[in-house]
1. Long-range amide H contacts for residue A:117: which residues qualify at under 5 Å (H placed 1.01 Å from N, peptide plane, sequence gap of 5 or more or a different chain)?
2. Nearest beta-carbon of B to the rotation axis carrying it onto A: which residue, how many whole Å?
3. Could you work out, residue by residue across A:42-55, how many beta carbons of other chains sit within 10 Å of that residue's beta carbon, and then give the average as an integer?
4. Taking θ as phi - 60°, what are the ³J(HN,Hα) couplings along region B:65-81 by the Karplus curve (6.51, -1.76, 1.60), each to the nearest whole Hz, with x for Gly and Pro?
5. Applying the Karplus parametrisation 6.51 cos²θ - 1.76 cosθ + 1.60 with θ = phi - 60° to the phi angles of region B:250-266, what ³J(HN,Hα) value in whole Hz is obtained for each residue in order, glycine and proline being reported as x?
6. Take the alpha carbon atoms of region B:199-260, find their center, do the same for region A:12-41, and report the distance between the two centers in whole angstrom.
7. What is the projected area of the convex hull of the Cα atoms of chain A, averaged over all directions, in nm²?
8. Every other copy gets compared here: list the nm distances from the residue B:310 label point (7 Å along Cα to Cβ) to its counterparts, shortest first, one decimal.
Number of protein chains: 2
Amino acid sequence: MSARIYFDNAATTPIDPEVFEAMVPYFTDHFGNPSSIYSYGRENRLAIEKARKSVAGILHAHPSEIFFTSGGTESTNTALFGAIHALGCTRIITSPIEHHATLHTCTHLSSTKGITLEYVKLRENGHVDLQDLEEKLAASPAKTLVTLMHANNEIGNITSIEAVGELCKQHGALFHADTVQTVGHFPLDLSSIHVDFITGASHKFHGPKGVGLLYINARNRIPAFVHGGGQERNMRAGTENIYGIIGFAKALEIATMRHEQDKEHIAGIKQYMKKRLEEKIPGVIFNGDPDGESLYTVLSVGFPHSDRSEMLLFNLDVRNICVSGGSACSSGANQGSHVINALNVPVQSTVRFSFSKYNTLQEVDMLLEQLQELL
Amino acid sequence: MSARIYFDNAATTPIDPEVFEAMVPYFTDHFGNPSSIYSYGRENRLAIEKARKSVAGILHAHPSEIFFTSGGTESTNTALFGAIHALGCTRIITSPIEHHATLHTCTHLSSTKGITLEYVKLRENGHVDLQDLEEKLAASPAKTLVTLMHANNEIGNITSIEAVGELCKQHGALFHADTVQTVGHFPLDLSSIHVDFITGASHKFHGPKGVGLLYINARNRIPAFVHGGGQERNMRAGTENIYGIIGFAKALEIATMRHEQDKEHIAGIKQYMKKRLEEKIPGVIFNGDPDGESLYTVLSVGFPHSDRSEMLLFNLDVRNICVSGGSACSSGANQGSHVINALNVPVQSTVRFSFSKYNTLQEVDMLLEQLQELL
């Protein structure tokens, strides 16, 4: 079998060996319960607080605003439930192309709590229509939670969280930004953005799975989502996943330090891939706004619909090339991507290619050869 | 500093090197998202399903009844919320000496959902009064959830989950058994016990932190607690913590294989420690039922109250001996152990000693020397 080409980094990324190395001591020597009161436990508590401080520093937040969870999905659940249960929100405005962690939590809150749920319009290129958002915010005096992605995981479109934050501020709305695709990929200065909650997952930037970030701006007090012990200052019960927390912080430190060089490298791969596809695959289209406000890590490609393109994901897999039709989190479902379905795009066979610092231009060339053979 | 003596294994245990070894490949080579549809992801899904099958086999359950979560606390939350939201329970019977994961979830459900909350009486030795439980079950036609620990994490008392299960069956009640201290320490045959939910955490039996077990008997259908993607058959959204799941299964396999020898070894340490304390420390008492229905891993000791015994935890810590006053999960709180407070015991300085396969009789001797010096 040919060497694997892994172009599905929006689903998950390989752990940076340096991140794993930082985690290992907590699997071996430092196993104490971070909530134990003796020094062998307290040392681990200190390690967690050091990780929290590092993450807070990078995001320009206060350490007391940073909470570690089991992943981006739990973080989003905590923020959304908290805004409804404790902060008086009776309406949610979201978009039809959010991650299922947001959409399914919203529909759950709508059906069980009677929350009004509204979907902001999208512009032709898949961007959130900020004018429609403003009109919706102005149209009702209901206390509102706006939950929108910073960047879409399938098509890569970036929404200005600065602009959304300003609108929310003007209209007294709360704002949850799903930053799962941007934490570790874009510098975020939370001190200058009006945002109430952000969420992150380290496995999207070469950290471990099973650990997430929830930022809660200091002006908000919400209850725990998982009830029990007093961990995470009573915000998240359960023995701390110390390896995960250490790994999260280390991965974010490395990503931040390497940001400029990684961004340049990865953006180069995306651009090269787009150019090569245009040259070699007749009729190829690109979803979203690939040359505009877009993740440098994601390229969503529409191949002209045919018997061959319908089998593309399958045949690429046979050739050891990892790419996806949509989000891994919804890949069990067979009804196609809700994101692509929400866009007004031609019938196509959609493939999301997503890149990391470990990818190369040579891999793009190898992929293109395979694509030409297959189509 | 003298070598560390770690006698706090009810708080957390060191990972068995063999468990860590089983996890490592998923940090390095096999990083694919288990929910991705290509083979590199599906291989990891297969590994998770193999782990699930192994856990199910050991517990005499069906794989479809086994769910992996982020820990025992999340498992308990999922079971309790599910029983209230989806299975029609309007009353909860629990005990005053449950873990906070249970107690705080119960009070939350009571205050937000109007659930009636009743506490079963305890007998003098801290055992749940099963006659009182039966009377409470018979006293109301309300659909009831009984949530009781299989074994208490602070005093070690074991409640017969077979007997509680039978009572619940007779009265049409649901039964959640908090088995966090017994999964991996006692053989459980769920096919012969009338129980609806059990919970477990691998870091209590030499597996990793950050992963938990939730068994849901096939007769019950409850909704997800964490909403989003379709992972864990729509029961637990979020990218799977594959290393944790692999580690959970491996730890349970090792614990099951070694059960007889480990039990004999650890029970020997507990008995030896109890005997030595009785010989050497005048006025020492033991909480719970240490020679009866009790964990072989836990010994709760009451030292006669004095200025010296009040400083005991502190001074043991100085001498690099890890023991606890109560549960690590509530060690942030300063009001003493809710478990000890609920028992009718003399004023004492309580220390919980809890043992694992890695402890030795020599460590007990060293501890006794220190205790004699300190008291």
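1. Those qualifying (amide H under 5 Å, at least 5 residues apart or on another chain) are A:92.
2. B:70, 2
3. On the way: counts 1, 0, 1, 1, 0, 0, 0, 0, 0, 0, 0, 0, 0, 0.
Average per residue, whole number: 0.
4. So the J values, rounded to whole Hz, are 9, 10, 10, 9, 10, 8, x, x, 5, 4, 4, 5, 4, 4, 5, 5, 4.
5. Per-residue couplings from phi come out as 5, 4, 5, 4, 5, 4, 5, 5, 8, 3, 4, 5, 5, 4, 4, 4, 6 Hz.
6. So the two Cα centres are separated by 20 Å.
7. Numbers: hull surface 74.8 nm².
Averaged projected hull area, Cα only: 18.7 nm².
8. Label-point separations across copies, in nm and ascending: 8.0.
FYI, it's all coordinate maths here, none of it is from the lab. All values reported here derive from a predicted model rather than from experimental measurement. Here the Cβ is made from the backbone with ideal geometry for all residues, glycine too, and neighbour counts use every protein chain on show.
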